[in-house]
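Enquirer: Okay, here's the structure, questions in a sec.
The values are calculated or read from the model by the stated rules, or taken from the named source; none is laboratory data. Note that the structure is a prediction, hence the values are computed from the model and not measured. All Cβ positions, even for glycine, are placed from backbone atoms using ideal geometry, and neighbour counts span all protein chains on display. For accessibility, only protein heavy atoms count, side chains too; no ligands or nucleic acids. Shrake-Rupley method; radii C 1.70, N 1.55, O 1.52, S 1.80 Å.
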Amino acid sequence: MHLPSARSWERPHPAFLTLLLFLALFFYLPIGSVLLKGFFPKGSFDPSVFIDTVTSPYTLRILWFTFFQAILSTLFSLMLGLPGAYLLSMYSFPGRKLVRAASGVPFVLPPILVVLGFVIFFGNSGLLNSILMRLFDLSEPPLRVLYSLKAIILAHGFYNFPIALRLIASLWQQLPPSQEWAAQTLGAPRRRLFFTIILPQLMPAILAASALIFMFCFTSFAIILVLGGGPQFTTVEVEIYRLAKTSFDIPAAGALSIIALVLTLGIMGIYVKLQNKMAFHQELSSGPVRPRSYNRPSKTGFIGIAVYIAAMLMIVAGPLVAVVVRSLQKPVTRAGELSFTLEWYQQLFSSGAGQFGRIALPAIRNSVLIGILAAAAAVVVGTALSYLTVRYRLKFGRLIDTLSMAPLAISSVILGLGYFLISRTIPDLGRARIFMIVAAHAVIAYPFVARTVSSVLKKIPPSQLQAAMLLGASPGKVFRTVEFPVMLPALAAAAAFAFAISLGEINATLVFSSSTVTIPLAIYRMIGSYNFFGACALGTILVAVCALAFTLFDVSGNTEI
Amino acid sequence: MKKILIVTTVIVAAAIAAVILFTPGTSEAEGQDEGRRTEAEELVVYTYDSFASDWGPGPEISQRFEQKYGIPVRLQSVGDAGQVLQKAILEKDDPQADILIGIDNNLITRAKNEDVLEAYTSPNLDKVPQDLVFDPQHYVTPYDYGYFSIIYDTEKIDNPPTSLEDLTDPRFEDKLILMDPRTSSPGLGFLMWTIYAYGDEFTEYWDRLQSSILTISEGWDSGYGLFTSGEAPLVLSYTSSPAYHVEYEDSQRYQAALFEEGHYMQIEGVGVVKEAPHPEAAKSFIDFVLTEEFQEVIPLTNWMYPVLPEIEMPKSYDFAPQPENRFYFEAEKIDANRDQWIDSWSRAVTR
Amino acid sequence: MELTTRNLKRRFADFSFDADIHAAEGELVCLLGPSGCGKTTGLQLIAGILAPDQGSIYLGQREITALPPWKRNIGLVFQDYALFPHMTVYENIAYGLRQQGASKYSITSRVEELLDLVELPGYSQRRPEQLSGGEKQRVALARAVAPSPALLLLDEPLSALDARLRTQLRREIRNIQKRIGLTTIYVTHDQEEALSLSDRIIVMQNGTIQQSGTPQELYNSPLNEFVARFIGNSNLVPCNTQAGSDREVYFFRPEDTRIHACSTESSDTISFQLTLKSLEYVGPYYILEGVNQEYSVRAHANEGDLTRLHISDFSPEDPPQLWFCIERSKTKIISS
């Protein structure tokens, strides 16, 4: 169904051209400069590299596996996120705010810390196994989760469930409770109520979350190799990395990226179509608000909540806490017994020669600054883009909508490479380099903002906008006074995520400009010089910065999600 | 509502101001443009991250070079060794760097083919053992080397593996962490090692090895992290790794297993960029690399062996044994076969 | 079906509900009170959205206290309509019928029948977003009535609509309710709505019942000051008779109050001498308000009264003193 657009009679403001300029300059140009090498390997048109890549059975096999694991991971992340979204939207319980802020944290960890956290927690000699071994007096570790497809899915769930949780919860909370009550009094028991009333209305958020999660899992890399247990689980990203960085075969890397991009955009196309079909105007409720304290979970409800929280503790808190705990330990005996210490933090904050403070402090500062600017840029770009696609009936609206997701489908190695190639042509880069990193991070993060904002924007009924305009408000004023306040909670959530994406980003930064030290880069360097404990300490700081950001954004968004 | 907008604007403005005011000079080797404008004689060195980092050899070595020759050194870290070469290739028409550090036997052929280096024979090269000079035309001068090795955890392994073949023994089932040759240089080194030892039958060896492998990580970092977390008692690393634990943690828990057939080597080299802006200073730097002043810094900062045999090694290197048998593939052979080897390997391990 | 509750209680942090609600078969009972008085809580307890702390609820002979909402067979209509936005009008109305497992044919004919009943024939394929507020509420009503519930609950169904639509729709609701003979509880804060619609009204305040009775009983004989003030316009003047004991007030209506130039105090009349504060023309009559330091009294007057009292050219700068008189038979002494 086509949505009646409030401004279909109006042409987009010329200011939107700046948006296109930004995307052309900071996304299409750098990416194009790499991808085109797939067709122009030696400067002239030569499709042989591309054809070879498309027809190779090896390529097809890894493509298949990449899709397969991304879909499984997406489903698992949704499974983890949905009950959490339910809890957050329905019940008030102690620590609710904390849970909400903390739920954004996994997202920010660089993959290497996720891998370490998982190993420290789930591994053969990990926390979980040693507890079980001691409890049941076993000689062999009972839980063998790691080094299998299971572990990949688990880690991807850990990484991505916050997206599902937060996107779905922010929509769920807006569903008027009166609809639920109406359905119940009409004879629908809880389960049927969920499937006939709640779920269909959550679909826009579920689809948006699925699309994002799918993309993130599609380009996942370190997690798949290490936790999967090796090369039998090879994804496209691994191959692109190898071609671009080990074999220096940029044409082949470009060709493979083109194939991956075309396929993922195909999926995105289907998704955009579905989302348009399922979005409907929901008047923001003026009816009774849900009396949170009214909700007393039933006995089975209590068990469900307990099981869910236990699972969350295992999958999400476990690896996270493992990293934090490791940062407070040091080995004291040859056998590797650990004792409590603050040594690593002291090292991080002392800036003598050879001390980690020389790298950690600038890294924290760089990361926070880049994160703030990238989040701001991503919010502007993402909002403008979603506005363009939702509010105006453009000729190629759906195509633009689909293409806007492209940065998620592009390997960050390729993006970094593109920036690298472009930056070469600018002689005096200097300080602008840091702004280019900001632009790269903004490009990676804006699809996220756009998805989040679109799902809210589509819910504002055109009658409200028309009413405002008839009352004499200019389009700009309508945006400020009607749309913006409604979007604010979603914007705040999206900004927090954009900030987190920027904080955790490593590949593009590394490939483009490894001389600008960010926190993840510093973590890699510390691990590279055997300092795993220090790396965990810096990782803990990263987590803290991120949690703080999520708390602040939640507060400033003045919203429940 | 207005308040939020104002606060946000202020934060963003403050961040922009902070970037403009504070970032130059904070990250190492930033500010390419400044060097250009002053035209001062300054040696520009491209190298990999860990070499240039604060606890790598970079800072100490630049300082010593400047003291000796009065020429300041600007170290620019550009990612890993591959990116060092890549950047030089991209700048071929208008070279910015004088020196590339980190060109090893995997990269040398590509460097030659792309014609980015200039041959230079340092008078000091005589002091280097002949088998370490991996580029006979001296486009690249070796400065340090190391051996790939399996490191084991003495708390968990009583009789360590003694050869590549012994590594396939059932007693090591799911106990070995390796790295992926497609994405990591130790991973590639280990693959070469097995090819050197088994020739065309290396895929059969990998078949036998399969059951011992717990996981294959994408990089040395996560693989070694898994190992020190106690996840597995065997990991692919360098013979010098135990020395680190002795030096900084006073722990002899981790030891290198010496293999009967010998160990595959990695030799790192330094080269002068073709049409370098400062060719004379660059040549002085190559000479300097083969002096004690440079070489003695290497063991405890880059965790490799210096190429000059006379350098006195730190005490901790007692735990970094030198194997009797050492070998590496000629650069041309690597370049001709690498992709095919990796493909065969991929097929073998994914079966 | 008859609704009875016994000893129904529910406590919240800052409020507790303690009231029993009764509606006879086919009766329309209004729960009337200011916002926050507990009327919606009462409705939610009956619907099963809230669980009571104690007490029991009976629908006919059946106890439904422990039943979940979907087993109670109660229809519910909300102020915000609560139409399912992802369904058409047809699907909305059919929703409850589908839950009962009705056949497709019977659903279709039932939906048609109900659309006729709420005067929206031909609307079945529209979506909620295409309906006006009044249309939405009709659909919501049809939806609630569709599964033939034993009891219909309406929670301020008209307060989101404009005044004219409100009067029109309330008449329709009453007609439909009478035609089906459906026992109905109607929550409102609008006393005029309550008076015009109800068989019986229950006035609530702070979670408890202040008074319950027919509209006439409540209008003519309020039990206390709260009810008196809430229903209709009323004059409340403190009695000076029993100092020290519970405060009591005279209650009388402005339309029964007469105005004189001098005192007419007698055994069957009470008079208050007050300063005229305002004179207001409302069409059929004038409203005069007289005040002193303690209280004010309103009275209705006609042109003739104004001429008789020489106050047609009333100016607030020089207010006349007047006597407001009421027959004792038309006053009640109630506790405040």
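Enquirer: What residues in segment C:72-101 lose 50 Å² or more of accessible surface when the other protein chains are added to their chain alone (1.4 Å probe)?
Expert: Buried by 50 Å² or more upon assembly, which counts only protein chains, are C:78, C:80, C:84, C:85, C:86, C:95, C:99.
Enquirer: Stokes-Einstein at 25 °C, 0.890 mPa s, Kirkwood radius from Cα pairs: D for the protein assembly as shown in µm² s⁻¹? Intermediate results must be reported in sequence, preceding the final value.
Expert: Numbers: Rh = 35.5 Å.
D = 69 µm²/s.
Enquirer: How far is it, in nm, from the label point at residue C:106 to the one at residue A:314 when both lie 7 Å from their Cα along the line to the Cβ?
Expert: Once both label points are built, they end up 4.6 nm from each other.
Enquirer: Let me check the size of segment C:1-124 from its C-alpha atoms; what are the radius of gyration and Dmax in Å?
Expert: Spelled out, the Cα radius of gyration and Dmax of segment C:1-124 are 17.0, 50 Å.
Enquirer: Same structure, new question: Over chain A, with the other protein chains present, what is the accessible area per residue in square angstrom, probe 1.4 angstrom? Working shown, then result.
Expert: Values: 20490 Å² over 561 residues.
The answer is 37 Å² per residue.
Enquirer: Is any helix in chain B, taking whole DSSP H runs, at least 24 angstrom long along its axis by alpha carbon and on average at least 0.5 on the Kyte-Doolittle scale, and which ones? Before the final figure, lay out the partial values.
Expert: Details: long enough: B:2-22 (29 Å, 2.36); B:331-350 (28 Å, -0.97).
Helix filter hits for chain B: B:2-22.
Enquirer: How charged is the neighbourhood of residue B:294? Take every other residue with its Cβ under 11 Å from the Cβ of residue B:294, and add Lys/Arg as +1 and Asp/Glu as -1.
Expert: Values: positive: B:64, B:68; negative: B:60, B:144, B:287, B:292, B:293, B:296.
Neighbourhood net charge equals -4.
Enquirer: Check which residues have an amide H placed less than 5 Å from residue C:257's amide H, if you skip close sequence neighbours.
Expert: The list, which skips near neighbours in sequence, is C:300.
Enquirer: Once each part is reduced to its C-alpha centroid, what is the distance from segment A:25-57 to segment C:8-34 in angstrom?
Expert: If you average the Cα positions of each part, the centres end up 73 Å apart.
Enquirer: Heavy atoms only, probe 1.4 Å: what % of the accessible area of segment C:3-230 goes to carbon and sulfur, would you let me know? Don't skip to the end; give the middle numbers.
Expert: Numbers: 4130 of 9010 Å².
Heavy-atom surface of segment C:3-230 belonging to carbon and sulfur, 1.4 Å probe: 46 percent.
Enquirer: Leaving out ligands and nucleic acids, and using a 1.4 Å probe, what accessible area per residue does segment C:238-335 come to in Å²? Provide the component values of the computation, followed by the final result.
Expert: Numbers: 5810 Å² over 98 residues.
So segment C:238-335 comes to 59 Å² accessible per residue, rounded to a whole number.
Enquirer: Oh, and also: In whole angstrom, how far apart do the alpha carbon centroids of segment B:114-182 and segment B:312-351 sit?
Expert: If you average the Cα positions of each part, the centres end up 5 Å apart.
Enquirer: What residues in segment A:242-266 lose 50 Å² or more of accessible surface when the other protein chains are added to their chain alone (1.4 Å probe)?
Expert: Listed by number, the residues meeting the 50 Å² cut-off are A:242, A:245, A:246, A:248.
Enquirer: Sticking with this one: Read phi for every residue in segment C:26-40 and hand back ³J(HN,Hα) as whole Hz from Karplus 6.51 cos²θ - 1.76 cosθ + 1.60, θ = phi - 60°, with x for Gly and Pro.
Expert: So the J values, rounded to whole Hz, are x, 8, 10, 10, 9, 9, 10, x, x, 5, x, 7, x, 5, 5.
Enquirer: Let me ask something additional. At what distance in nm do the modelled label points of residue A:91 and residue A:324 sit from each other, each positioned 7 Å from its Cα along Cα→Cβ?
Expert: For the pair residue A:91/residue A:324, the computed spacing is 2.1 nm.
Enquirer: Moving on. Taking only pairs that are 8 or more places apart or on different chains, how many Lys pairs in chain A have Cα atoms under 18 angstrom apart? Don't jump to the answer; show the numbers that get you there.
Expert: Values: A:37/A:245; A:273/A:395; A:273/A:458; A:273/A:459; A:277/A:395; A:277/A:458; A:277/A:459.
Counting lysine pairs in chain A gives 7.
Enquirer: Could you work out how far apart the two model spin labels at residue C:282 and residue A:15 are, taking each label as a point 7 Å from the Cα in the direction of the beta carbon, and quote it in nm?
Expert: 5.2 nm
Enquirer: Considering the options B:185, B:323, B:124, tell which one lies farthest towards the positive end of the dipole of chain B, charges being +1 on Lys and Arg and -1 on Asp and Glu at the Cβ, about the Cα centre.
Expert: Going by the charge dipole, the pick is B:185.
Enquirer: Mind jotting down the three principal axis lengths of chain B based on Cα atoms? Whole angstrom, largest first.
Expert: The Cα atoms of chain B stretch 69, 62, 42 Å along the principal axes, largest first.
Enquirer: If Rh is defined by the Kirkwood formula over all Cα pairs and Rg also comes from Cα, what ratio Rg/Rh do you get for chain A?
Expert: Details: Rg = 24.0 Å, Rh = 24.8 Å.
Computed over Cα atoms, the ratio is 0.97.
Enquirer: Evaluate the charge dipole of chain C about its Cα centre and quote only its size in Debye, nearest 20, assuming +1 on the Cβ of each Lys and Arg and -1 on the Cβ of each Asp and Glu. Spell out each step's value before the answer.
Expert: Details: 34 positive and 41 negative charges, 290 e Å.
So the magnitude is around 1400 debye.
Enquirer: Mind checking which lysines have their C-alpha under 28 Å from residue C:332, skipping anything on the same chain fewer than 8 residues away?
Expert: Qualifying lysines at Cα under 28 Å: C:39, C:277.
Enquirer: How much solvent-accessible surface does residue B:188 expose, in Å² to the nearest 10, with a 1.4 Å probe and all protein chains in place?
Expert: Number for this one is 10 Å².
Enquirer: Something else about it: With a bin width of 10 angstrom, please list the P(r) values of segment C:238-335 as percents of all Cα-Cα pairs, from the 0 bin to the one holding the largest distance.
Expert: Histogram of Cα-Cα distances, whole percents per bin: 15, 48, 28, 8, 1.
Enquirer: Tell me what the protein assembly as shown gives for mean residue ellipticity at 222 nm when only DSSP H runs of n ≥ 4 count, each as -39,500 (n - 2.57), the sum divided by the residue total, rounded to 500 deg cm²/dmol. Please report the intermediate quantities before stating the final value.
Expert: On the way: 51 runs with 607 residues, N = 1248.
Helices in the protein assembly as shown give a 222 nm mean residue ellipticity of -15000 deg cm²/dmol.
Enquirer: What is the local net charge at residue B:310, summed over the other residues whose Cβ is closer than 11 Å to its Cβ (Lys, Arg +1; Asp, Glu -1)? Can you show the working numbers first?
Expert: On the way: positive: B:127; negative: B:292, B:296, B:312.
With Lys, Arg at +1 and Asp, Glu at -1, the net is -2.
Enquirer: If you fit an axis through the alpha-carbon atoms of helix C:89-99 and take the longest principal axis of the Cα set of chain C, what angle between them do you get, 0 to 90°, nearest 10?
Expert: 70 degrees
Enquirer: If the cut-off is 12 Å between C-alpha atoms, which aspartates and glutamates fall inside it for residue C:9, apart from same-chain ones fewer than 8 positions away?
Expert: List returned: C:18, C:20, C:53.
Enquirer: By Kyte-Doolittle mean hydropathy of at least -1.0 and Cα axial length of at least 30 Å, which whole DSSP H helices of chain A are selected? Intermediate values should be presented prior to the final figure.
Expert: Numbers: long enough: A:57-90 (49 Å, 1.23); A:149-172 (32 Å, 1.24); A:250-278 (41 Å, 1.40); A:357-391 (49 Å, 1.38); A:432-457 (34 Å, 1.51); A:532-556 (35 Å, 2.04).
Sorted by number, the helices that extend far enough and score high enough are A:57-90, A:149-172, A:250-278, A:357-391, A:432-457, A:532-556.
Enquirer: Once the piece of chain linking residue B:250 and residue B:10 is laid out straight, how much longer is it, given 0.36 nm per residue of separation minus the C-alpha distance between them?
Expert: On the way: separation 240, 0.36 × 240 = 86.40 nm, distance 5.00 nm.
Gain on extension, residue B:250 to residue B:10, equals 81.4 nm.
Enquirer: Then there's this: Assuming 0.36 nm per residue, please report the length gained on full extension of the stretch residue C:260 to residue C:61 beyond their Cα-Cα distance. Before the final figure, lay out the partial values.
Expert: Numbers: separation 199, 0.36 × 199 = 71.64 nm, distance 5.83 nm.
Extra length from residue C:260 to residue C:61 when fully extended: 65.8 nm.
Enquirer: Calculated FRET efficiency, residue C:318 and residue B:20, Cβ-Cβ r, R0 56 Å, to nearest 0.05?
Expert: Details: r = 75 Å, r/R0 = 1.35.
Approximately 0.15, to the nearest 0.05.
Enquirer: I'd like the orientation of helix C:133-145 relative to chain C: the angle between its Cα long axis and the longest Cα principal axis, in ° from 0 to 90, rounded to 10.
Expert: 60 degrees
Enquirer: Around residue B:224, with a cut-off of 13 angstrom between Cβ atoms, what is the net charge of the other residues, counting Lys and Arg +1 and Asp and Glu -1? Don't skip to the answer; put the middle values down first.
Expert: Numbers: positive: none; negative: B:153, B:218, B:221, B:231.
Cβ neighbours under 13 Å give a net charge of -4.
Enquirer: In Å and whole numbers, how far do the C-alpha atoms of chain C stretch along each principal axis, longest first?
Expert: Cα extents, longest axis first: 77, 44, 33 Å.
Enquirer: Over segment C:3-230, give the accessible area per residue in Å² for a 1.4 Å probe, as an integer. If you can, show how the numbers build up before the last one.
Expert: Working: 9010 Å² over 228 residues.
With all protein chains present, segment C:3-230 gives 40 Å² per residue.
Enquirer: Find the sum over both chains of the accessible area lost when B and A are paired, probe 1.4 Å, and report it in Å² to the nearest 100.
Expert: Working: alone 16830 and 25040 Å², together 35310 Å².
Approximately 6600 Å² gets buried when B meets A.
Enquirer: While we're on this one: Quick one: with all protein chains in place, what share of the accessible area of segment B:50-169 is carbon or sulfur, to the nearest percent (1.4 Å probe)? Let's see the in-between values first.
Expert: On the way: 1880 of 4240 Å².
Carbon and sulfur: 44 percent of the exposed surface of segment B:50-169.
Enquirer: Right, next: Carbon and sulfur atoms: what percent of the 1.4 Å accessible area of segment C:238-335 do they account for?
Expert: Details: 2730 of 5810 Å².
Heavy-atom surface of segment C:238-335 belonging to carbon and sulfur, 1.4 Å probe: 47 percent.
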